[in-house]
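Chemist: First the structure, then my questions, so here it is.
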Amino acid sequence: MYQIIADLHIHSIASGHAFSTVREIAMVAKQKNLQYIGLAEHGPSMPGGPAPIYFEARGHFPKKIDNIEVFFGAEIDILDEKSTLDLDDQMLKKIDYGIVSFHPQVYRGEIRSDYTSILIRALENPYINIIAHLGNPRYPVDYPMVVKKAVEYNKVIEINNSSFRVSRKGSLENCKIIAQEVKKQGGYIIVTSDAHYCDEVGDYQLSLDLLESINFPKEYIINTSPTKFQSYMNTFLKIRGRER
């Protein structure tokens, strides 16, 4: 059994299509005995997403709520085949961590798009730390190659519970392949809820069931231990020239 102590993929009302405030999210996190949460709002290219000024205002963002440590992140979209991101490096440096993703609302792509190369180019950006919902069948990639590059660039691969529960149909088997590849290559994953309503925070049972089914090593999950989690977060911040 895995004990998850942090949830870094959470959306508040700032994302435009989620339904809870930051304080409501923190309240549920406390009820579920989480020690850390991360708000990863979408970038400005997502319809309804926050304007760039939102990411400029991180100085107003709380570092703790009711003894829950809060991190200020972003879910950054890939915009095109050149791997352009919807937040520039100046903005990415200001947040605590960056999650990279594809969404059809932002980049529909072409049937023959080489999503593997597009994603790998995005991973070369030092301010990208986590790969979101990699198992989405809408954006097929070469999993062994992406995992290899994630290990090489010290990126973390997300296992996203929402992919199995409400969206991205067909992700479950793909994520099992991804997790097996990470286990084989010695990379790291993070388990997240991708919550869009506060009660979903800390909800990752389907992801944990998947990992248990393949005996995935606990030591390769960064949010099972405060020491390991804090070490990774400090690494993300040092890349940005900051510390917590």
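Derivation of every value follows stated rules applied to the coordinates shown; laboratory data play no part. This is a predicted model, so every value here is computed, not measured. Every residue, glycine among them, receives a Cβ derived from its backbone with ideal geometry; neighbour counts consider all protein chains shown.
Chemist: Relative contact order for the range 6-239: what percent, with Cα pairs under 8 Å and sequence separation of 6 or more? If you can, show how the numbers build up before the last one.
Modeler: On the way: 457 pairs, mean separation 46.4, N = 234.
Rounded, it is 20 percent for the range 6-239.
Chemist: Distance between Cα centroids, the range 123-139 to the range 10-82: provide it in whole Å.
Modeler: What the calculation gives is 18 Å, centre to centre.
Chemist: Would you mind calculating the gained length between Q3 and R108 on full extension (0.36 nm times residue separation, minus the Cα-Cα distance), in nm to one decimal?
Modeler: On the way: separation 105, 0.36 × 105 = 37.80 nm, distance 3.63 nm.
The Q3-R108 span can extend by a further 34.2 nm.
Chemist: A further question follows. Can you compute the helix-only [θ] at 222 nm over the chain? Use -39500 (n - 2.57) per DSSP H run of at least 4 residues, normalise by all residues, nearest 500 deg cm²/dmol. Could the numbers behind the result be given before it?
Modeler: Working: 9 runs with 84 residues, N = 244.
The helix-only estimate for the chain comes to -10000 deg cm²/dmol at 222 nm.
Chemist: Which one, S45, Q3, Q31, is farthest towards the positive end of the dipole of the range 1-96 when Lys and Arg carry +1 and Asp and Glu -1 on their Cβ?
Modeler: Q31
Chemist: What's the extension gain from Y153 to K30 if we count 0.36 nm per residue and subtract their Cα-Cα distance?
Modeler: Details: separation 123, 0.36 × 123 = 44.28 nm, distance 3.30 nm.
Here the segment from Y153 to K30 would lengthen by 41.0 nm.
Chemist: Where Lys and Arg each count +1 and Asp and Glu each count -1, what net charge lies around R242 among other residues with Cβ under 10 Å from its Cβ? Don't jump to the answer; show the numbers that get you there.
Modeler: On the way: positive: K93, K94, K238, R240, R244; negative: D96, E243.
Cβ neighbours under 10 Å give a net charge of +3.
Chemist: Evaluate the Kirkwood expression for the hydrodynamic radius of the chain, namely the inverse of the mean inverse distance over all pairs of different C-alpha atoms, and round to one decimal in Å. List each step's numbers first, then the result.
Modeler: On the way: mean 1/r = 0.0565 Å⁻¹.
With all distinct Cα pairs of the chain included, I get 17.7 Å.
Chemist: Give the residue list of GluC sites (Glu not before Pro) in the range 109-210 that are DSSP loop and have at most 15 other beta-carbon atoms within 10 angstrom.
Modeler: Details: sites: E110, E124, E152, E158, E173, E181, E200; in loops: E110, E124.
Of the GluC sites (Glu not before Pro), the ones in loops of the range 109-210 whose Cβ has at most 15 other Cβ atoms within 10 Å are E110, E124.
Chemist: So, one more: Take the residue pairs K30/K176; K148/K169; K82/K184; K148/K176; K63/K155; K30/K155 and return only those whose Cα atoms are more than 21 Å apart.
Modeler: Values: K30/K176 30 Å; K148/K169 25 Å; K82/K184 30 Å; K148/K176 16 Å; K63/K155 24 Å; K30/K155 28 Å.
Cα-Cα > 21 Å for K30/K176; K148/K169; K82/K184; K63/K155; K30/K155; rest within.
Chemist: In square nanometres and to one decimal, what's the mean projected area of the convex hull around the Cα atoms of the range 53-100?
Modeler: Numbers: hull surface 14.4 nm².
So the mean shadow area of the Cα hull is 3.6 nm².
Chemist: For L211, what charge total do you get from the other residues with a beta carbon under 12 Å from its beta carbon, if Lys and Arg give +1 and Asp and Glu give -1? Please list the in-between numbers first.
Modeler: Values: positive: K176, K183, K218; negative: D209, E212.
Around L211, the surrounding residues sum to +1.
Chemist: Mind putting a number on the dipole of the chain about its Cα centre? Charges go on the C-beta only, +1 for Lys and Arg and -1 for Asp and Glu, and I need it in Debye to the nearest 20. Don't jump to the answer; show the numbers that get you there.
Modeler: Numbers: 28 positive and 30 negative charges, 91 e Å.
It works out to roughly 440 debye.
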